[in-house]
Amino acid sequence: MFYSYATCGGTNAFDSAGDATCKCIAPPSPHPFVNASDATKVDAHTGGNDTSTPPKPIVTLYPLNYGFHNCVKQDYWLPPTCADATNKPKTDAPDWCGKKWCFVDKAACAYTGDDVPVASSYFKREGKTDVLFYSYKTCGETDTFTTGAVKLAMASTVAVAGYMML
């Protein structure tokens, strides 16, 4: 089965794969962060509010395709920061929760300065090379996730999340 927005005179705003100079990527295969005991999940580190030393993990389940393929509001429906445990978006969620972004191939992007794709803090492992980079710019958004207080909070806290295949 196929669909066409053009047939109905519409514009496809759903399947946006990003700016032509910096396209969204597909998930790597195999995914480098697959959970060792459950191949349907992927380990991620997300910022949390735990300031103990060392930080205690916060386990959160995210979809396996999180951040890949299209420019969408990847975090809008996801707990704990942007939504509650029932995936209802929080009214007091940070600005970045409602912004579109995706993972991109940093080497293939033509962006410079503050627009250069950023290494994912969720998929960063100490002593390992960064493999996933995200961009809000490719999706026509301003990155407020890695700026200001959010950037400082991310640097000082670590939590563990698991991804779940939908």
Inter-probe distance in nm under a simple model that places probes 7 Å from Cα toward Cβ, at D115 and T21: 0.5
Greater than 23 Å separation of Cα atoms is the criterion. Which listed pairs, K88/K137; K106/K128; K100/K128; K73/K137; K90/K124; K23/K90, meet it? K88/K137; K100/K128; K90/K124; K23/K90
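Read-outs: derived from the displayed coordinates by stated rules, not from any lab. As the structure is a computational prediction, the values presented were derived from the model and not from experiment. Here the Cβ is made from the backbone with ideal geometry for all residues, glycine too, and neighbour counts use every protein chain on show.
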